[in-house]
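The values are calculated or read from the model by the stated rules, or taken from the named source; none is laboratory data. In this text the structure is predicted, and so the values were computed from the model without any measurement. Every residue, glycine as well, gets a Cβ built from its backbone with ideal geometry; the counts of neighbours run over all protein chains shown.
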Amino acid sequence: MKTFKIVSIGHPVLRQKIKNVTPAQRKTKNFQKFLKDMVRWMRQARGVGLAANQVGVDKRALVMECAGNKRYPRVASVPLQTYLNARIVKYSKKLEKGWEGCLSIPGYRGIVPRSQSVTFEALTPDGKKIRKTVYGFEARIIQHEVDHLNGLFYVDQMPNLRSWTHLDEFNKHFKTKIKDRKK
């Protein structure tokens, strides 16, 4: 079983705009296996999303899923999805504030305003073009992961850092026992 390492804030690949996956790359067995590995790694890290550059790979790919995730105990489920070359084409004007964390910044949370709905375009792993509008927590996840692919973190979207909180303090305040990935 291939091991992985989620790279942390400060790694150069996390601050660059990530390259699109070409049709030739998408069709290789190695790349298709990499996408399956990303799902496994996301689940092992207890994440709800993972962008390829978070494991040091300069390919515009992301996976997302939220089904009984202990890091986000009070949100709606989101089915497993894998997308290539995702880009958001429309943001709703109505914003919703919510707590976010990041596998590349373990141990912290912050309140981030995000559009309540977004429309994005992407390719599925088999090359099918899709255009999809998503709402609520699913919209928050896709915005967070596309930000990663554009070289941004959730802290870049925070209007101020006053809510940025260490997870220990977050757990005390909200009487939760949320744990992030191992450092």
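Pairing each residue of the range 128-145 that is closer than 11 Å to V78 by Cα with any residue that is in a helix (DSSP H, G or I), provided the two are 6+ apart or on different chains, yields C-beta distances under 7 Å for V134/I142. Contact map, the range 77-101: first residue without any contact (Cβ under 8 Å) to a residue 40 or more places away in the chain, second residue exposed (fewer than 12 other Cβ atoms within 10 Å of the Cβ) and aliphatic (A, V, I, L, M), Cβ cut-off under 6 Å, separation 6 or more or different chains; pairs are S77/A67.
So which of G110, G127 ends up being of a type in the set (G, A, S) and exposed (fewer than 14 other Cβ atoms within 10 Å of the Cβ)? Answer to the check: G127. Here are some residues: Y83, Y108. Which one is modelled with pLDDT of 95 or more and within 26 Å of K179 (Cβ to Cβ)? Residue meeting the stated conditions: Y108.
Restricting to the range 123-163, and then to whatever is in a loop (DSSP other than H, G, I, E, B) and charged (D, E, K, R), can you tell me which residue is farthest from L95 (Cα to Cα)? Before the answer, list the steps.
Here is the first cut: in the range 123-163, the residues in a loop (DSSP other than H, G, I, E, B) are 124-128, 150-153, 158-163.
Next, from what is left, pick out any that are charged (D, E, K, R): 126, 128, 162.
Values: D126: 33, K128: 30, R162: 19 Å.
Top of the filtered list is D126.
Filter the range 164-183 down to residues that are over 17 Å from R46 (Cα atoms) and in a loop (DSSP other than H, G, I, E, B) and give me whichever is modelled with the highest pLDDT. The extreme case among them is W164. Considering only residues of the range 15-73 that are small (G, A, S), touching a Lys or Arg at 6+ places or on another chain (Cβ under 9 Å) and part of a loop (DSSP other than H, G, I, E, B), which is nearest to G136 (Cα to Cα)? Step by step, filter the range 15-73, then rank; the result is G47.
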